[in-house]
Amino acid sequence: MGIRKIETGITGLDIMLQGGFPEGRMILIMGGPGTGKTIFCSQFLHHGATEQGEKSVYISLDETKPHFLEEMLTFGWDFQELEQANLFTFIDASDIRRISEKAEVGRLHVGGTELARARLIDNIFTIADGSGSSSIEKFIGDIGATRVVLDSISGLLFRFPEAWKKRKAILDVMEALSVSGATCLITSEAASIGEERQVQPEEYLSNGAILLQTLRTGDRAVRILKMRGTEIDSTPRPYQIGERGIELHSDQSIFET
Ligand SMILES: Nc1ncnc2c1ncn2[C@@H]1O[C@H](COP(=O)(O)OP(=O)(O)OP(=O)(O)O)[C@@H](O)[C@H]1O
Ligand SMILES: [Mg+2]
């Protein structure tokens, strides 16, 4: 019957995707600041945990854990509770923007957990730098996570001004994550808004890409740019961020003026 689908947690989007994301694939969630990328990814993980009992890992290169937990609680999503139930693991790598050299990451060690965290973050760098084998997939595998989020890849790529190095880093990180077999969402800052948008290398390299946009009118629109292995609705559809997260209207369309 073809590729298995997993529900995104956003009802309208599941309709657009004919059931959800193709299982075990790498999907890019692109958008400008404040378009809802972090909320989108969290909704995906929360849905998996509460509706399907799926375990997940959130690798955050942007937000700290306390900030994340507090923000998600405003939608009624209690990730601390999921963590206690062994359904959720948050890897706080938010300090990497302040760390310029890989070597310094290894010095983050304080206690056992800190050391494990530093090693894992260090491993992301090692993969991105194109050296060494990956322990990320082992980490994800040991946990038994089937949903993984990396938020955001832009936080990792600022270190690579050269296009070919950037491309290789993206490819290596994606490969390491995809070996785990989990369905992975990677967020990425869109280079610009509107039709002038510059296509990012990560967009070519992923299995699927979804663009979140805030239009000039202030309306929000979601567009599925690609999704290998499945039929999609590529019409831009309106969405809102409300009390219960992202709500998408798959039966409405949006036209830019
Ligand atoms: N409780 C809420 N109710 C309604 N809208 C909210 C709520 N909390 C946040 N928002 C909206 O969501 C946006 C932030 O969403 P999110 O953090 O997911 O964006 P993002 O794309 O990850 O941004 P960044 O690029 O800065 O990481 C805010 O700009 C705000 O408009
Ligand atoms: Mg974010």
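Each value in this text was obtained by applying a stated rule to the coordinates, not by laboratory testing. Keep in mind it's a predicted model, so treat the numbers as computed, not measured. Cβ: placed from backbone, ideal geometry, glycine included. Neighbour counts: every protein chain shown.
Cross-link pairs exceeding 22 Å in C-alpha to C-alpha distance, out of Lys5/Lys55; Lys5/Lys226; Lys55/Lys226, comprise Lys55/Lys226.
In units of the rule-of-thumb radius 2.2 N^0.38 Å, segment 147-250 shows an alpha carbon radius of gyration of 1.16. Which residues does the label zone of Lys65 cover in segment 16-54, counting backbone N under 18 Å from a point 7 Å along Cα→Cβ? The answer is 42, 46.
Only lysines eight or more places from Lys168 in sequence, or on another chain, were considered; those with a Cα closer than 19 Å are Lys102.
Working from label points 7 Å from Cα in the Cα-to-Cβ sense, the Leu225 to Asp95 distance is 3.3 nm. A full extension of the chain between Ile15 and Ala85 corresponds to an added length of 22.2 nm, given 0.36 nm per residue minus the alpha carbon distance.
Between Ile186 and Ile27, Leu28, Ile29, Leu150, the built amide H atoms are under 5 Å apart, and every one of these is 5 or more places off in sequence or on another chain.
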